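First comes the structure, then the notes that go with it.
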Amino acid sequence: MVSAPPPPETSAKIQVQVRDLTIRYGSKVALEKVSLDIREHEIFGIIGPANSGKTSFLRALNRMDQMHSSMKVDGQILFRGKDVHSWRNLYALRSKIGVVFPLPVGLPLSIYDNVALAPRLSGTKNKSDLDEIVERCLQRAALWDEVKDRLDSLGSMLSGGQQQRLTIARALSQDPELLLLDEFSIAVDPVTTMKIEDVLKELKKEITIILVTNLVQQARRLADNTAFFLTGECIEVAKTEDLFTGEVKDPRSRDYVEGRFG
Amino acid sequence: MFEATSLNRRNRQKEGLVRYLFLLMTLLLILPVLIILGVLVAKGGPVLSMDFLFTYPTDGMTAGGIFPALVGTVWLVTVALLFSVPIGVAAAIYLSEYAPDNWLTRLINLAIINLAGVPSIVHALFGLGAFVMFFGFGTSILAASLTLAIMTLPVVIVSTRESLQAVPMAFREACWNMGATRWQTIRHVVLPNSISGILTGVILEVSRTAGETAPIMFTGAAFFLPFLPQGIFDQTMAMSLHLFVVSTQVPGVPEHLPYGVALVLILMVLTMNATSIAFRMYLRNKKKW
Ligand SMILES: Nc1ncnc2c1ncn2[C@@H]1O[C@H](COP(=O)(O)OP(=O)(O)O)[C@@H](O)[C@H]1O
Ligand SMILES: [Mg+2]
């Protein structure tokens, strides 16, 4: 079943338009015929049980199918009106899209170098520019105060929660227009999770965020619109509050958010 | 109260037994090494001296030193490394970081593993046919080193690839996701974190190359030369062949002389291995994840 995208309810511009997206690994279908719209400056939630295709969806957005030899993507993904499959320079596309994984990845570099890596790769050399970016991104990821005195120590030696905020700072250092978060709170303590959620609320003033989460309440707290994926199908896309209290098209959506599932 | 059951007790006894069994096996493994070293030091030690290292053999190789063989081995190993390291490391990077997972890659991997198992005497014949005769390098350091390089390539590739694969995939994905190319990822994240493993592999390779006899016998090493090689197209003496010669080919060699040569060869190898181990320990202390 193809779920139609919700009718536009605000005048906000559409940032990502997905049409008939189908993702396969070899002959196995991971996601089938998904169509939805993501608006500028919203947090778009994606919920659903494991193996429903959430991570695959994010991968398709920044063309990581290139790096997974068995992954095949069909359909259209328009990012700022342009199909991601027609971008000639994938590196430029990916540098506009920040990604945060379920498990924090502190690169085995210093905290400073973790955050300065992306700007350096895209050609920023000036030390004071880099200093400025590093401080700003660590500030925005709510990590600056904890690490400002030890920017030289290894990023991979921070605690899990700190590493996850470092990962977010690194994603922000790319100056992205779109931020993809994949179940970021799995390996993070509740206090840090709340800190990061506050960060996201601030960030959405400037960028668009897609939040894949295994916690339905997190989607409820943060997301403006939410999609419900189930074993490779997009069952529902709705205003988040509607999933919990309003009308749903498919009773399974309500069952899932109320924890009456499986 | 908590009581150990008879099963608990039996498990504990078994644990102790198994542990000592493994310890015994380990000791058995070290024993031959210690015996070899002990015999070499006892019998070869007395001939070791500066003179032994830095003078030419005399009296039909029944006396004097080993200088030309020592220099020759350094030549052979160095030139071999100049070929095998860049080629091997580049191939390993390709196989680990770029090659798609398809039948061709799997075939190449299979070939490399099998190549590592080819006996060195076969490499020697190949080197003779290819480098000495077909390419016309003659019996020379170049021909011998190329033969050594080809022989060691698979091992360099395998050890380098293993070091690269030890770097977690998540690091690469994080880099790709921020728009880094594969090469940027390799340069900034993969290589800095695998270089210790790669170098360790290379150093172990050096020590293996230094001891090889068969591949250089037909391709570049000489029984005896009263002068040092001047370039890669000259023949040279070599430690491993010299040891073979003084042990079996020359009559009237005093008993301690071959042991002295063997001791120097082993010391060379051990020094390199020790360097490699020290280096690995140094880098492990800076382990980053
Ligand atoms: N690299 C891969 N190779 C093969 N199959 C994969 C790969 N990644 C995911 N899949 C399969 O695709 C389906 C969707 O997975 P995924 O997108 O990771 O779901 P989710 O993130 O919702 O748990 C699963 O059945 C999974 O087994
Ligand atoms: Mg997932």
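The values are calculated or read from the model by the stated rules, or taken from the named source; none is laboratory data. Just so you know, these numbers come straight off a predicted model, no measurement behind them. Quick reminder, even Gly has a Cβ in these numbers, built from the backbone with ideal geometry, and neighbours come from all protein chains shown. The area values use the complete protein model at the heavy-atom level, side chains included, leaving out ligands, DNA and RNA. Shrake-Rupley method; radii C 1.70, N 1.55, O 1.52, S 1.80 Å.
Overview of values
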item	result
Where labels lie 7 Å past Cα in the beta-carbon direction, separation of residue B:63 and residue A:82 in nm	8.4 nm
Sum of side-chain charges, residue A:259 neighbourhood, beta-carbon under 15 Å (Lys, Arg +1; Asp, Glu -1)	+2
Separation in nanometres of the label points that stand 7 Å from Cα toward Cβ, at residue A:258 and residue A:189	3.6 nm
Rounded FRET efficiency, nearest 0.05, which uses the C-beta distance separating residue B:284 from residue B:55 and R0 of 25 Å	0.05
Antiparallel %, DSSP beta bridges [both residues in chain A], to 5	60 percent
Farthest toward positive dipole pole in segment B:50-285 [+1 Lys/Arg, -1 Asp/Glu at C-beta], among B:136, B:91, B:207	B:91
Mean accessible surface per residue for the protein assembly as shown, computed with a 1.4 Å probe while every protein chain stays in place, in Å²	48 Å²
Selection from B:72, B:231, B:242 lying farthest towards where the dipole of the protein assembly as shown points positive, charges on Cβ	B:242
For segment A:73-216, share of DSSP beta bridges that run antiparallel, in % to the nearest 5	25 percent
Net +/- balance of residues flanking residue B:9 in space, Cβ distance below 13 Å, scoring K and R +1, D and E -1	+1
Kirkwood Rh and Cα Rg combined as Rg/Rh, segment A:118-262	1.05
Set of segment B:91-106 residues, backbone N closer than 18 Å to the point 7 Å along the Cα-Cβ line of residue B:114	B:102-106
Virtual spin-label span in nm between residue B:34 and residue A:198, 7 Å along Cα→Cβ	6.3 nm
Distance-filtered residues of segment B:207-235 - backbone nitrogen under 18 Å, label point 7 angstrom along residue B:275 Cα→Cβ	B:207-212
Kirkwood hydrodynamic radius (C-alpha pairs) into Stokes-Einstein, segment B:196-289, 20 °C and 1.002 mPa s, D in µm²/s	140 µm²/s
Bridge type composition, the protein assembly as shown - antiparallel percent by DSSP, nearest 5	60 percent
Fully extended contour minus Cα-Cα distance, from residue B:166 to residue B:48, at 0.36 nm per residue	38.3 nm
Compactness of segment A:206-262 - radius of gyration and Dmax, Cα, Å	11.0, 38
Where chymotrypsin sites (Phe, Trp or Tyr not before Pro) fall in DSSP loop in segment B:132-165, at most 12 other Cβ within 10 Å	B:135
Net dipole in debye of chain A [+1 Lys, Arg Cβ; -1 Asp, Glu Cβ; about Cα centre; nearest 20]	660 debye
Total charge dipole magnitude, segment B:50-285, about the Cα centre, Cβ charges on Lys, Arg, Asp, Glu only, Debye to nearest 20	680 debye
Full-extension gain in nm, residue A:241 to residue A:72, via 0.36 nm per residue minus C-alpha separation	57.5 nm
Chain B, helix-only ellipticity at 222 nm - DSSP H runs n ≥ 4, -39,500 (n - 2.57), divided by all residues, nearest 500	-21000 deg cm²/dmol
Of B:27, B:275, A:52, farthest towards positive along the dipole that unit charges on Lys, Arg, Asp, Glu beta carbons give the protein assembly as shown	B:27
Trypsin sites (Lys or Arg not before Pro) restricted to DSSP loop in segment A:224-262 with at most 11 other C-beta within 10 Å	A:260
Of the GluC sites (Glu not before Pro) in segment A:233-262, those whose Cβ has at most 11 other Cβ within 10 Å and which sit in DSSP loop	A:247, A:258
Estimated dipole of segment A:152-223 in Debye, rounded to 20 [Cβ of Lys and Arg +1, of Asp and Glu -1, Cα centre]	240 debye
Cα gyration tensor shape of chain A, rounded if a/c is under 1.5, else prolate or oblate by comparing a/b with b/c	prolate
P(r) tail fraction, segment B:46-160 - alpha-carbon pairs more than 17 Å apart, %	66 percent
Pairwise FRET efficiency - residue A:250 versus residue B:82, Cβ, R0 = 56 Å, nearest 0.05	0.25
P(r), alpha carbons of the protein assembly as shown - 10 Å bins starting at zero, rounded %	3, 14, 19, 17, 14, 13, 10, 6, 2, 1, 0
Entries of A:13/A:249; A:33/A:72; A:33/A:96 with Cα pairs more than 21 Å apart	A:13/A:249; A:33/A:96
Using a Förster distance of 30 Å, the FRET efficiency for residue A:124-residue A:40 (Cβ separation, nearest 0.05)	0.70
Virtual paramagnetic centre 7 Å along Cα→Cβ of residue B:102, amide N under 14 Å, in segment A:46-69	A:69
P(r) weight above 28 Å for segment B:50-285, C-alpha pairs, percent	40 percent
